[in-house]
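The values are calculated or read from the model by the stated rules, or taken from the named source; none is laboratory data. This is a predicted model, so every value here is computed, not measured. Positions of Cβ are generated from backbone atoms using ideal geometry, with glycine treated the same way; all protein chains shown enter the neighbour counts.
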Amino acid sequence: MSKTKINKIETLAETKFLGLYDAEYVNKKGNTKHWTIASRKTKEILQAQVFEGRKEKIDAVVIIALHKELNKLVLLRQFRVPVNDYLYELPAGLIDKDEEIFTAVERELKEETGLNLTHIDESKKLMPIYASGGMTDESMALVYCLCEGEPSTEYLEDDEEIEIMLVSQEEAENMLKTELKFDAKAYLALQSFISIGKNIVSK
């Protein structure tokens, strides 16, 4: 049982996709402190999770997709405003309200890459994963799958500036030797792909 306890949560700012909150908490020494949290959740949902034990809903999907004919990993090169540069990433996106995780995977894969989902690896347990727990409670499901078709940007939103890449093991290895900017999840996925290739997805 944690000795640290959150006492209250106050809103600092709320936008359509993100909220910024101040959490007042007592640390293990009994001192009252404050922590700034960025969250995909409303204040009401966040409070229900913290104070009432409501089960957490996973916020997003991150997709490790292997093109089944080419045995290549699907990767994106996407412009990200916070870093003012392009990052190499995996396809990903927020789960819509009441949407099933696998439905979100199929939708986001199609929207961001134009590729068609053909198989989901259900041998890997779905659980919330956190990319930056010191800053945000945003959680994601990491989903492994197979896909087919030709990459296309026709389904992208206006604010999405994305280049779709299909990467071989050799290309992945060369990428990791260069000074490119990677999303952490993509970096780890590329390392795994280099090691085990097409076996990254169980059929």
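Odds and ends about this structure:
- Checked against (1) closer than 28 Å to Glu157 by Cα; (2) outside the structural domain of Tyr187 (by TED's automatic domain parsing); (3) touching a residue at least 12 places away in the same chain (Cβ under 8 Å); (4) of a type in the set (Gly, Ala, Ser), Ala23 passes all but a single condition, namely (1).
- Residues (touching a Phe, Trp or Tyr at 6+ places or on another chain (Cβ under 8 Å) and surrounded by 15 or more Cβ atoms within 10 Å (Cβ to Cβ)) located in segment 168-186: Gln169, Ala172, Met175, Phe182, Asp183, Ala186
- Selection from segment 17-54 of residues that are surrounded by fewer than 11 Cβ atoms within 10 Å (Cβ to Cβ) and over 24 Å from Lys185 (Cβ atoms): Lys28, Lys29, Gly30, Asn31, Thr32, His34, Glu44, Glu52, Gly53
- Pick from segment 3-60, criterion acidic (Asp, Glu) and part of a loop (DSSP other than H, G, I, E, B), ranking: nearest to Glu106 (Cα to Cα): Asp59
- Scanning segment 167-191 for residues that are polar (S, T, N, Q) and touching a residue at least 40 places away in the same chain (Cβ under 8 Å) gives a single hit, Ser168.
- Looking only at segment 61-85, and only at residues there that are without any contact (Cβ under 8 Å) to a residue 12 or more places away in the chain and closer than 27 Å to Lys110 by Cβ, the one that is nearest to the chain's Cα centre (by Cα): Arg80
- Residue within segment 67-81 that is surrounded by fewer than 19 Cβ atoms within 10 Å (Cβ to Cβ), in contact with a Ser or Thr (Cβ under 7 Å, 6 or more places away or on another chain) and either under 30 Å from Val167 (Cα atoms) or aliphatic (A, V, I, L, M) (or both) present: yes
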